[in-house]
Amino acid sequence: MELAVLLLTLTVLLAIGVPVAFALIGSTLAAFLVMDIPLVVMFQRMAAGISVFTLMAIPFFIFAGDLMYRAGIAARLVQVAEAVFGRTRGGLGQVNIGASMMFGAVSGSPIASASAIGSTMIPLMKEKGYGADYAVNVTVTAAIAGLLIPPSHNMIIYSAASGMGVSISDLFLAGIIPGILTGFLLSLTAWLVAIRRGYPKGVFPGWRPFALAFVAAIPGLMTAIIIMGGILSGIFTPTESSAIAVIYTILVGTLVYRTLGWTEFKGAALQSVKTAAMVLLIIAAATGFGFALAVLEVPAAMASMIGFLTDNPIFILLIVNVILLLLGTFMDMAPLIVITTPIFLPILMPLGIDPVHFGIIMMLNLGIGLVTPPVGSVLFVGSAIGKIPMEQSVRTIWPFYLAMIVSLMLISYIPELSLALPRWFA
Amino acid sequence: MLKRLKRINAAASKALLDAGAAGLVAMTAIIGWQVFGRYVMGSSPSWAEQAALTLMIWYVFFAAAAGVREGFHIRVLLIESMLAPRPRRLMRLAAHIVVGAAGLAMAIWGGELVARTWSHVIPTLGLPRGVAYLALPLSGVLIAFFTIELIAEDAAGEDSADAPGGEAA
């Protein structure tokens, strides 16, 4: 009964267009009223949910990503990718994916990636005769591959939500191979679609332009080495690395590239505060909502329900994946990580599934939700840049969904893809 | 009357976002200083992390309040986009009332939280934990206040400030 109040109120509030954070707050308060829990508990949970040191990495990574875009680092990565992949059939699609993967290695936010690479690549692709739908599809799905490549602020949310301090550096390392695998499958898909549509081949610009582009991009690419190197060697924590990434980007933008002026800096700070406030308010609200679920013993009920269906780990992982994919279509990534991690992790760990491995599964799974309607923030950003309605890009996105699902299955059932690197570095 | 409220709110939400941006920059400087202090000065300030976190809680809740007026909070537009203008306006009215009520609740019970945590002192800062949490009730008041404008616009049949494609979009 109380659970029905919670879930029904949430559904109704979301449906009538209440912002996700406020729908979570409203439905939890409604459930607390029925359950006779003092309402102050909701705000105490929200305050506790946001008072987590590691979460400070979220505004930093968002800020760094925005600065990289405005300082022209993203555009320089595109030039490198163009020199490397431009020759293939539908070359700009490959360039887009390559640039997104590189950007994923310097930025921790898929929205930053889609807007940074998208605003360079999508107009260019449209101009060269590629379909706007294709340009958008490639951009948004490649941003999801980039999400797996460290750094990643969503992995930090997962680490906080696990309640057992799953190592952020292990998660970062674990994402590398799955990220490259997903990028490879997407690039294969983009190539096949390009052949079908008869998209043009680019020309190789020659070694000299390639070398020049690469040298120009080195200061930007160094961010990846500073972040991962700093974390792995223990010079700084993941949170500190994200602040260092901001400071480094400011230095590169002002001293090396000289593209980052006061206007760009102020614009980036303002935009980042908006995005960070939106994401963190949702995380705070989701913490309260998750508490209501815990009081209602939903995690235990879910465990016994799944246990009733099967005790085969392969099927259980499949069921969890399907549930997360469904939830991901109409909820954003951050609240789902906060709400579902404490539900599924206790079910999966006794089956011998490593929490780091499950973290990577969850990243890709919920990442797919970022590019599916009705709620898909990355798809939304990409379509806005491509100036086409979301429905139009979704009509032809199926091959890319398929590629990501194949990757999700491989990552789910081959734990070594995720766990080999963290073990090697341990 | 509504025009005047709009002007005040526009200025207020801009001020909140500007302050938030300054907070983000300050927070970057603090954590940067912490790393710099550890390696260059040989010791890092003990207050740094807690101060940065408190700053973050403040700017997140203030910018989130501004976000109610500017309409940048993520929400589901599926049903809204399928409706005719009149029912759509009614639905937006209902949604804005819910947001306003949530803001009011945050003001009241967030205030209770502040009162309860005022005696807990954060050791590294020497400040009550309630100071960090004060952002919740203040943000709640602001949210409730901003929704008055949005609700008034819905009732008057205008496109509200937070409408997609509206003046603030």
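The values are calculated or read from the model by the stated rules, or taken from the named source; none is laboratory data. All figures in this text were calculated on a predicted structure; none of them were measured in a lab. Methodologically, a virtual Cβ is constructed for each residue, glycine included, from the backbone with ideal geometry; neighbour enumeration extends over all protein chains shown. Accessible surface areas use protein heavy atoms only, side chains included; no ligands, DNA or RNA. Shrake-Rupley method; radii C 1.70, N 1.55, O 1.52, S 1.80 Å.
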Counted residues in the range A:283-297 being assigned to a helix (DSSP H, G or I) and free of Cβ contacts under 8 Å to residues at least 24 places away in the same chain come to 0
Residue count, the range B:104-141 (criterion: free of Cβ contacts under 8 Å to residues at least 12 places away in the same chain and not in a helix (DSSP H, G or I)): 6
Going through A:300, A:268 one at a time, which residue ends up being under 28 Å from the mean Cα position of the chain (by Cα) and in a helix (DSSP H, G or I)? A:268
Any chance residue B:63 is farther than 12 Å from residue B:147 by Cβ, facing another protein chain (nearest Cβ under 8 Å), surrounded by 23 or more Cβ atoms within 10 Å (Cβ to Cβ) and under 17 Å from the mean Cα position of the chain (by Cα): yes
Considering only residues that are free of Cβ contacts under 8 Å to residues at least 24 places away in the same chain and either of a type in the set (Lys, Arg) or open to solvent by less than 10 Å² (accessible area, probe 1.4 Å) (or both), look in the range A:262-282 and name the one that is farthest from the other protein chains (Cβ to nearest Cβ). A:266
Of the residues that make up the range B:142-150, is at least one free of Cβ contacts under 8 Å to residues at least 60 places away in the same chain, aromatic (Phe, Trp, Tyr) and either open to solvent by less than 10 Å² (accessible area, probe 1.4 Å) or out of contact with any Lys or Arg (no Cβ under 8 Å at 6 or more places or on another chain) (or both)? no
Among the candidates A:34, A:41, which residue alone is open to solvent by 40 Å² or more (accessible area, probe 1.4 Å) and either outside any helix (DSSP H, G or I) or at pLDDT 95 or above (or both)? A:34
I'd like the residue in the range A:303-335 that is in contact (Cβ under 8 Å) with a residue 12 or more places away in the chain and assigned to a loop (DSSP other than H, G, I, E, B) and, out of all such residues, is nearest to the other protein chains (Cβ to nearest Cβ). A:332
Quickly run through the range A:231-261 and pick out the residues that are open to solvent by 20 Å² or more (accessible area, probe 1.4 Å) and among the aliphatic types (A, V, I, L, M). A:232, A:235, A:244, A:247, A:250, A:251, A:255, A:256
Hey, among the residues in the range A:75-114 that are surrounded by fewer than 24 Cβ atoms within 10 Å (Cβ to Cβ) and among the polar types (S, T, N, Q), which one's nearest to residue A:151 (Cα to Cα)? A:79
Any chance you could count how many residues in the range B:66-103 are in a loop (DSSP other than H, G, I, E, B), at the interface with chain A (Cβ under 9 Å from one of its Cβ atoms) and farther than 11 Å from residue A:18 by Cα? 1
